[in-house]
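Here the structure comes first, spelled out in C-alpha cells, and everything after it is commentary.
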There are 2 protein chains.
Amino acid sequence: MKTTLCVLYIFLLFSSFLCQTHAGNKQTQALNHLYRAKWSLNSAIDTSHFEPPQHVNNASILLQEGLKENDKIHKLPGQPYVRFDQYGGYVTVNESAGRAFYYYFVEADQTSNESLPLLLWLNGGPGCSSLAYGAMQELGPFRVNSDGKTLYRNDFSWNHAANVLFLESPAGVGFSYSNSSSDYINCGDESTAADNYVFLLNWLERFPEYKEREFYISGESYAGHYVPQLAHTILYYNKMANKTLINLKGILIGNAVINDETDTIGMYDYFGSHAIVSDEILDQIRIYCDFSPNTTKQSDKCLEANAEVGQNIVNIDIYNIYAPVCSKQILTSKPKPMSRAIDPCSEHYTYVYMNRQDVQEALHANVTKLDHDWEPCSDVINIWKDSPSTIIPLLREFMKDNLRVWIYSGDTDARVPVTSTKYSINSMSLPIKTPWHPWLYQGKVGGFAQVYEGDLTFATVLGAGHQVPSYKPKTALGLVTHFLTGKPLNGSRYRLS
Amino acid sequence: MKTTLCVLYIFLLFSSFLCQTHAGNKQTQALNHLYRAKWSLNSAIDTSHFEPPQHVNNASILLQEGLKENDKIHKLPGQPYVRFDQYGGYVTVNESAGRAFYYYFVEADQTSNESLPLLLWLNGGPGCSSLAYGAMQELGPFRVNSDGKTLYRNDFSWNHAANVLFLESPAGVGFSYSNSSSDYINCGDESTAADNYVFLLNWLERFPEYKEREFYISGESYAGHYVPQLAHTILYYNKMANKTLINLKGILIGNAVINDETDTIGMYDYFGSHAIVSDEILDQIRIYCDFSPNTTKQSDKCLEANAEVGQNIVNIDIYNIYAPVCSKQILTSKPKPMSRAIDPCSEHYTYVYMNRQDVQEALHANVTKLDHDWEPCSDVINIWKDSPSTIIPLLREFMKDNLRVWIYSGDTDARVPVTSTKYSINSMSLPIKTPWHPWLYQGKVGGFAQVYEGDLTFATVLGAGHQVPSYKPKTALGLVTHFLTGKPLNGSRYRLS
C-alpha cells in the first residue's frame with residue numbers, strides 16, 4: 001500500500017492532462033493526484049457523504065498549561081520589525097500514535113486585538129501546507145525574499161482584520177507528523193476533520209483567551225472539503241454537548257472544490273471560453289465524457305480529447321492563466337526589489353527558507369528531526385481514503401444553522417475556476433437575494449458578487465488566480481474584512497442610488 | 001448636421017451601457033459611438049459592402065521631391081539616443097480641399113534596414129490616432145514618461161522587425177486636418193480608404209527607396225475595417241494598372257472589428273464567461289436582442305438587460321478587464337520608474353507631450369495651427385457615413401489572392417474579444433490546416449493559434465488587452481516577426497515531436 005497512487009491505479013483517467021501541468025507549483029500536482037485516483041477503477045476511495053467522527057472525547061484534550069509561552073516566536077530570521085505577537089509549535093492530536101500538528105499563529109496587527117475574531121486558515125491539496133501557501137505566499141504578515149533568507153512585510157496581511165491561525169494538516173503535511181507511519185497511508189477527509197477538531201480543542205486550551213472569541217474558518221482549493229467538514233464537526237459536537245464548545249460563526253472558502261461533477265465541467269468550459277482549448281475539443285469532452293459521481297470509466301474519445309487539453313496547458317500556469325511561470329528556481333544573493341505582483345518563483349524561496357535550521361528553531365518546528373524535507377505539499381502522503389463527491393449537503397446545513405457562508409473565486413484560475421463555482425452553486429437552486437453586481441473596495445472594483453436567500457454570498461476577485469491573496473492582496477483583505485464583519489459587498493449601482 | 005451622433009439619433013440602443021464605460025481611455029468611446037449609431041433608427045449609415053473608390057487617378061499624385069529631407073526628425077524633446085532615423089510630416093491627400101495626413105515614420109533599428117519590410121500601422125476608433133496609441137503606447141520606439149515631457153525606450157518596438165509607418169487618418173484625427181470643414185462631416189470607411197491609398201502613393205514618391213519593398217498593413221480595433229479596405233483598394237488598382245503599384249504582401253489585424261453580428265454576440269458571451277454579467281442577463285440578451293445586420297429596433301427586454309450590463313462594467317476597463325484603471329490624470333514632477341506593465345494613465349502623459357509646442361515643432365506637426373488640441377481620438381469627427389456590417393468578403397478575396405492574412409486577439413479584451421473573433425472566423429467555415437495549439441516565443445507561451453486552409457492564421461496573445469503591444473510588448477514583437485517572415489507560430493506539441 002506504499003506505492004503511490006500514480007502506480008497503484010491502472011486506469012489513469014486524465015493522466016495525460018493532469019500529469020503534465022506546469023511543475024513549478026506543488027499545489028498544482030496535489031489536487032490532480034486526487035482527482036486521478038477518484039476517477040479510476042478500483043480506487044477504493046470512499047465517496048459517500050461525510051459523517052462526523054465519533055471518537056472525539058474528553059480524553060482527546062490534554063493539559064496545555066505553560067505551553068503557550070514556550071511557543072512564542074521571538075523573531076524569525078531575517079524578519080522586519082512588527083508590533084504583534086507570533087506563536088508556533090506543536091499540538092498533539094493523538095498521544096498514543098504520536099501524532100502532532102504544527103501551527104503558526106499571528107495575533108492581530110492592532111493596538112488592541114481583543115475585539116478581533118479568531119480566523120483559522122487551511123490550505124488544500126490534499127497534502128499542502130498552510131505555512132507554505134497561506135502564511136508565506138498569501139495572507140500572512142511576511143513573504144520570503146528571493147535570497148531565501150530574509151522576509152518582507154505583506155502590507156495587506158489578514159492579521160489587520162483578525163487573529164490568524166495557520167494549521168499544517170493532516171499529519172505528514174509540512175512540519176506536522178506522526179510517529180506511526182501507518183497514519184500516512186490512512187489519511188482522508190474524515191480523519192483530517194477529526195484531527196483538526198481535536199487540534200482546535202487543544203489549541204483553545206493552550207490559548208484560553210480565545211475560547212469565547214468569534215471564530216471563523218477559511219481556506220482554498222481542497223480546503224473546500226476541509227473547511228465545511230471541520231465546521232460540521234464543530235456544530236455536531238456543540239449540539240451533542242448542548243453548549244457552545246467552539247464559537248463558530250462562519251466559513252469562507254475560495255476557488256474551492258465543492259461538487260466534483262460541476263467543478264469538472266466548469267473547468268473544461270473555462271478552458272473553452274478562455275481560448276485555451278478549441279471548440280471542437282470542448283464539444284468532444286462534453287459529448288463523450290461523463291463526470292457524474294461514481295463514473296470510473298471514460299470512452300476513448302473522451303481520453304483522446306483530454307490528451308489534447310493536456311498538450312495545450314503544459315506550459316502555462318493553470319492556477320493563474322495570465323501569470324508568468326517560474327522559469328528557473330534559483331536564489332539571488334541579494335533580495336530582488338519587491339514588485340506589486342508576487343514572484344512566480346516564491347514557492348522556491350519559501351522552500352529554502354523553511355528548511356533552514358535557524359528558521360525551524362525560531363518557529364519551534366521539526367523538533368523530532370523528520371526524515372524528509374519540509375515540503376509545500378507532502379511527498380509523504382500518497383494515499384487518500386475518503387473524499388465525498390460533493391460538500392453541498394454541508395453548505396445547506398450551515399445555511400439552516402445561520403452560519404455565515406461566503407464563497408469566493410479568483411477569476412483567472414482555470415483549475416477550480418469561477419465557472420465551476422458558479423455551476424456548483426447553481427446546482428443548489430437557491431433564490432437570489434441580491435443579483436450579480438460589481439463590488440467596490442476603496443473605490444476600485446474588487447470583483448462581482450451575488451447573495452442568495454439563506455445567506456450565502458458568492459464573490460469573485462477580479463484578476464486573481466487560485467491563491468487569491470497572492471495576486472490581489474488588497475482586494476482579498478477587503479473581502480475578508482467584509483466577511484468577518486458581516487457587511488455586504490457593495491457595488492457601484494448601490495452607491496449611485 | 002454638426003450635432004453629435006449622441007444627439008442626432010433619437011433611439012439610442014445600448015446607450016445605457018455604451019455611454020458608461022470607463023472614461024479614461026478615449027478609444028473606448030470612439031467605437032461605442034459608432035455602434036450606437038449603427039444600431040439606431042434612421043442612422044443613415046451605409047452598411048452595404050465596401051467598394052473601391054473610383055476617383056483615384058494620376059492627378060492624386062503630387063511632386064514629392066525634397067520633402068523627405070524636410071521631414072527628418074533630428075531629436076524629439078526628452079528623447080534617449082537611438083541609432084535609427086525618424087521622419088514626420090504632412091502628405092497632401094486632396095489639394096483642392098487642403099486635406100493633409102500626418103505621418104510618423106521610424107526606420108528599422110538595425111545596422112542595415114534594407115532587407116526589412118515596410119509596415120503601416122493604423123489605429124481604429126473610428127477617429128483614433130496611430131500616433132497616440134500605436135506609436136506612443138503600443139509598438140513605437142518610445143513611450144512618454146509620467147512627467148509628460150521625457151521619453152523612454154520601448155525595448156520591444158516593432159522597428160526591430162520592420163520600417164514602421166504610423167498614419168493619423170482620416171482628416172480630423174490627431175494632427176491630420178482639412179481646410180474644408182465639410183470634410184469632417186463626410187468621413188466614412190470609403191473616403192478613409194481612398195485617402196489612405198492616396199497618402200500611400202504620395203508617401204512612396206517621397207520615400208522612393210521603399211517602392212519595391214515588401215509592404216504589410218497592420219492595425220487594431222476599427223482598423224479591422226481600415227486595413228482590409230486599404231488592402232482591397234491597393235489590390236484593385238494593382239489589377240487595374242496590370243502591375244504592382246504597391247507591393248502588398250499581407251495584412252495583420254488585432255482585436256479587430258470584423259463582422260458586427262458575431263462581434264456583438266461574442267462580446268456578451270465574453271462578459272458572461274468571464275463572470276462580469278450574470279447568466280440570467282446573458283440569457284435575456286441572447287433571447288431578446290437581435291444583432292443581425294440591418295436591425296435597428298430592439299425589444300424593451302433587450303434594452304433592460306443592456307442597462308444591467310452597463311451597470312456592471314461602469315468601473316472596469318473593458319479593453320483589458322484585469323488591468324488597473326487610471327484613477328487620477330496627473331503628471332509627476334519626475335518620471336515614475338518604469339515597470340513591466342504599462343501605466344494606466346499613459347494616455348494622459350501622451351496627450352500632454354503631444355500638445356507641447358517644442359514637440360510639435362520637432363515632429364513638423366500642426367503647421368497650420370489647428371483650432372483644437374491634438375487628441376488621442378478625434379473630437380472633430382462626429383459623423384460616420386458608411387461602415388459595412390462585415391469585412392469577411394474582403395478577407396475571402398485576400399485568401400484567394402494569396403495575401404498573407406493574420407488575425408490576432410489579446411484575450412483579456414472584452415470590447416472586441418477573442419470570442420468575437422472566433423465566432424467571426426467560424427462564420428467563414430474554413431477548413432482547419434493546423435488545429436488550435438499553444439505557440440511559444442523565447443520559451444514562453446505567447447498564446448494559442450490555429451491556421452486555416454487558404455492561409456489564414458488566427459492567434460491569441462495570452463493576458464493581453466485590446467492594445468496588445470501595450471500589455472505584452474515582447475510577445476507582440478514575436479508575433480509580428482513571425483507574421484512578417486511568414487513563419488508559422490510553433491507550439492510545444494510541435495517542439496516535442
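Values in this text are rule-based calculations from the coordinates and carry no lab data. Here the structure is a predicted model, which means the values were calculated and not measured. Here Cβ is always computed from backbone atoms with ideal geometry, including for glycine, and neighbour counts include all displayed protein chains.
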Fill in: Label point 7 Å beyond Cα along the C-beta direction, distances from residue B:373 to other copies (nm, shortest first)
5.6
Practice prompt. Largest first and to the nearest Å, give the Cα extent of the protein assembly as shown along each principal axis.
Written response: 101, 60, 53
Fill in: For the range B:29-105 versus the range B:120-147, the gap between their alpha-carbon centres in whole angstrom
14 Å
Discussion item. For a quick check: with amide H placed at 1.01 Å from N, whose amide H comes under 5 Å from residue B:89's, ignoring anything fewer than 5 positions away on the same chain?
Written reply: B:103
Response to the item:
With the label point 7 Å along the Cα-to-beta-carbon line of residue A:153 and a cut-off under 11 Å to each amide N, the hits in the range A:53-93 are A:80-84
Discussion item. Just want the answer: with Cβ charges of +1 for Lys and Arg and -1 for Asp and Glu, which residue in A:344, A:316, A:276 is farthest toward the dipole's positive end in the range A:241-350?
Written reply: A:344
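Let me confirm one metric for peptide B:313-322, namely the mean number of other chain beta-carbon atoms within 10 Å of its residues' beta-carbons. Can you show the working numbers first?
Details: counts 3, 6, 8, 8, 1, 0, 0, 1, 5, 8.
Per-residue shielding by partner chains comes out at 4.
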Worksheet, complete the sentence: Taking a straight Cα-to-Cα line shorter than 25 Å from residue A:72, and setting aside same-chain lysines fewer than 8 residues away, one finds A:149, A:211, A:369
Fill in: Electrostatic dipole magnitude of the range A:184-256 [Cβ: Lys, Arg +1; Asp, Glu -1; Cα centre; debye, to 20]
260 debye
Worksheet item: At residue A:44, label 7 Å along Cα→Cβ: distances to the other copies, nm, ascending?
Response: 8.1
Worksheet item: Given H placed on each backbone N at 1.01 Å, which residues far from residue B:409 in sequence or on other chains put an amide H within less than 5 Å of it?
Response: B:255, B:459, B:460, B:461
Worksheet item: Using θ = phi - 60° and the Karplus curve 6.51 cos²θ - 1.76 cosθ + 1.60, what whole-Hz ³J(HN,Hα) does each residue of the range B:460-465 get, with Gly and Pro shown as x?
Response: 9, 10, 5, x, 9, x
Item to complete: Determine, for B:93, B:56, the number of other Cβ atoms within 10 Å of each Cβ, and report the residues in order from fewest to most.
Response: B:56, B:93
Worksheet item: Per residue of B:269-278, how many C-beta atoms from partner chains lie within 10 Å of its own C-beta, taken as a mean?
Response: 6
Worksheet item: What whole-number value in cubic angstrom gives the convex hull volume per residue for the C-alpha atoms of chain B?
Response: 143 Å³
Response to the item:
at residue A:115 the sorted inter-copy label distances (label 7 Å from Cα on Cβ side), in nanometres, are 7.3
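Could you put B:240, A:354, B:399 in order, starting from the residue whose Cβ has the fewest other Cβ atoms within 10 Å?
Working: B:240 11, A:354 25, B:399 18.
Ascending number of Cβ neighbours within 10 Å: B:240, B:399, A:354.
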Worksheet item: Taking the Cα centre of the protein assembly as shown as origin and charging only Cβ (+1 Lys, Arg; -1 Asp, Glu), how large is the dipole, in debye to the nearest 20?
Response: 1220 debye
Discussion item. Please give the Cα centre distance for the range B:290-311 versus the range B:153-214, rounded to the nearest Å.
Written reply: 36 Å
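Grab the beta carbon distance between residue B:241 and residue B:481, set R0 = 30 Å, and tell me the FRET efficiency rounded to 0.05. Walk me through the numbers before you get to the answer.
Numbers: r = 32 Å, r/R0 = 1.05.
So, using R0 = 30 Å, E works out to roughly 0.40.
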Worksheet item: Which listed residue (B:468, B:241, B:30) has the Cα farthest towards the positive end of the charge dipole for chain B, taking +1 on Lys and Arg C-beta and -1 on Asp and Glu C-beta about the Cα centre?
Response: B:468
Worksheet entry | Fewest-first sequence of B:218, B:333 by Cβ atoms within 10 Å of each Cβ | B:333, B:218
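Which percent, nearest 5, of DSSP beta bridges in the protein assembly as shown are antiparallel?
Numbers: 64 of 118 bridges.
That works out to approximately 55 percent antiparallel.
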Worksheet item: Nearest-to-axis residue of chain A, judged by Cβ, for the A-to-B rotation, with distance in whole Å?
Response: A:273, 2
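Using DSSP to call loops (not H, G, I, E or B), can you name the GluC sites (Glu not before Pro) in the range A:191-257 whose Cβ has at most 13 other Cβ atoms within 10 angstrom? Walk me through the numbers before you get to the answer.
Working: sites: A:205, A:209, A:212, A:214, A:220; in loops: A:212, A:214.
Sites meeting the loop and neighbour criteria: A:212.
Sort A:410-423, A:62-75 for me by packing, meaning the mean count of neighbouring Cβ atoms within 10 Å per residue, highest on top. The partial results should precede the final answer.
Values: A:410-423: 27.0, A:62-75: 12.9.
Sorting A:410-423, A:62-75 by mean packing, highest first, produces A:410-423, A:62-75.
What is the dipole size for chain A, taken about its Cα centre, with +1 at each Lys and Arg Cβ and -1 at each Asp and Glu Cβ, in debye to the nearest 20? Don't skip to the end; give the middle numbers.
Details: 40 positive and 50 negative charges, 235 e Å.
The calculation lands at about 1120 debye.
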Worksheet entry | Cross-link table A:422/A:444; B:328/B:385; A:433/B:38, entries beyond 25 Å C-alpha to C-alpha | B:328/B:385; A:433/B:38
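Estimate the FRET efficiency between residue A:59 and residue A:474 by the formula 1/(1 + (r/R0)^6), using the beta-carbon distance for r and 41 Å for R0, to the nearest 0.05. Walk me through the numbers before you get to the answer.
On the way: r = 45 Å, r/R0 = 1.11.
The calculated FRET efficiency here is 0.35.
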Discussion item. Just to confirm a number: summing +1 for Lys and Arg and -1 for Asp and Glu over residues other than residue B:402 whose beta-carbon lies under 10 angstrom from that of residue B:402, what do you get?
Written reply: +1
Fill in: For the range B:145-271: rounded, prolate or oblate by the Cα gyration tensor [a/c cutoff 1.5]
rounded
Response to the item:
For the pair residue B:212 and residue B:355, the simple spin-label estimate (label points 7 Å beyond Cα toward Cβ) gives in nm 4.7 nm
Practice prompt. Just need the relative contact order of chain A here, percent rounded to a whole number, with Cα pairs under 8 Å and 6+ apart.
Written response: 21 percent
Practice prompt. Post the alpha-carbon centroid distance, the range B:328-391 to the range B:407-478, in whole angstrom.
Written response: 28 Å
Worksheet, complete the sentence: Charge dipole of chain B built from unit charges on the beta carbon (Lys, Arg +1; Asp, Glu -1), centred at mean Cα; most positive-end Cα among B:435, B:169, B:298 is B:435
Response to the item:
Quick calc: nm separation of the 7 Å Cα→Cβ label points for residue B:328 and residue A:72 -> 4.2 nm
Discussion item. Under the rule a/c < 1.5 gives rounded, and otherwise a/b versus b/c splits prolate from oblate, where does the range B:374-497 land using the Cα gyration tensor?
Written reply: oblate
Discussion item. Below 15 Å, Cα to Cα, which aspartates and glutamates can residue A:239 reach? Residues fewer than 8 away in the same chain don't count.
Written reply: A:51, A:397, A:401
